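Notes for the one structure printed next.
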């Protein structure tokens, strides 16, 4: 079983039992200048959820070209925003963000689900961590997301 499948299976099992999923990210995959990374998070009982990707290696700049996310929340709630920003090494955000467009939410039993994809040119500097974040209209219940980014290291 691949790391991605293992992480996804663990997340599904955890959701089934209602426990919190820690923010999880395997190390980014870097081949030459190509870069990709994936995070998952479940911020149960919170309206906002944020998950950090791996830090950009020293001496490099990451240009994120694509971001894709999917997630779910209780069916009486709506996604307000989904975005990508970055966290500096000192723990502060750079407050430059890129909105990730999402379509209509689909009710799937007890949950509203969404899928999103955005092409972009979002720059993250050495030592910073890209961060995917969501905001839903209510705090109660599940706030689950899985996001991937693809880009070029320079």
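The values are calculated or read from the model by the stated rules, or taken from the named source; none is laboratory data. This structure is a prediction, so every number in the text was calculated from the model and none was measured. Here the Cβ positions follow ideal geometry from the backbone for every residue, glycine too, while neighbour counts run over all protein chains shown.
I'm checking my understanding of the structure. Among residues of region 31-42 that are surrounded by fewer than 16 Cβ atoms within 10 Å (Cβ to Cβ) and either touching a residue at least 60 places away in the same chain (Cβ under 8 Å) or under 15 Å from the mean Cα position of the chain (by Cα) (or both), which one is nearest to residue 104 (Cα to Cα)?
Only one residue fits best here, namely 36.
Quick check on this structure: which one of 131, 152 is surrounded by 16 or more Cβ atoms within 10 Å (Cβ to Cβ), closer than 17 Å to residue 27 by Cα and in contact with a strand residue (DSSP E or B) (Cβ under 8 Å, 6 or more places away or on another chain)? Even if it seems obvious, please write down each step before you answer.
Details: 152 fails: surrounded by 16 or more Cβ atoms within 10 Å (Cβ to Cβ).
Result of the check over 131, 152: 131.
Scan region 43-87 residue by residue and report those that are over 17 Å from the mean Cα position of the chain (by Cα) and within 17 Å of residue 124 (Cα to Cα).
57, 58, 59, 60, 61
Would you be able to say whether some residue in region 21-30 is modelled with pLDDT of 95 or more, in contact with a strand residue (DSSP E or B) (Cβ under 9 Å, 6 or more places away or on another chain), part of a strand (DSSP E or B) and surrounded by 13 or more Cβ atoms within 10 Å (Cβ to Cβ)?
Checking region 21-30: not a single residue is modelled with pLDDT of 95 or more, in contact with a strand residue (DSSP E or B) (Cβ under 9 Å, 6 or more places away or on another chain), part of a strand (DSSP E or B) and surrounded by 13 or more Cβ atoms within 10 Å (Cβ to Cβ).
Only one of 59, 109, 103, 45 is exposed (fewer than 14 other Cβ atoms within 10 Å of the Cβ), more than 28 Å from residue 30 (Cα to Cα) and in contact (Cβ under 8 Å) with a residue 60 or more places away in the chain; which?
The match here is 45.
Of the residues 39, 56, which single one is at pLDDT 95 or above, in a strand (DSSP E or B) and either touching a helix residue (DSSP H, G or I) at 6+ places or on another chain (Cβ under 8 Å) or within 12 Å of residue 130 (Cβ to Cβ) (or both)?
39
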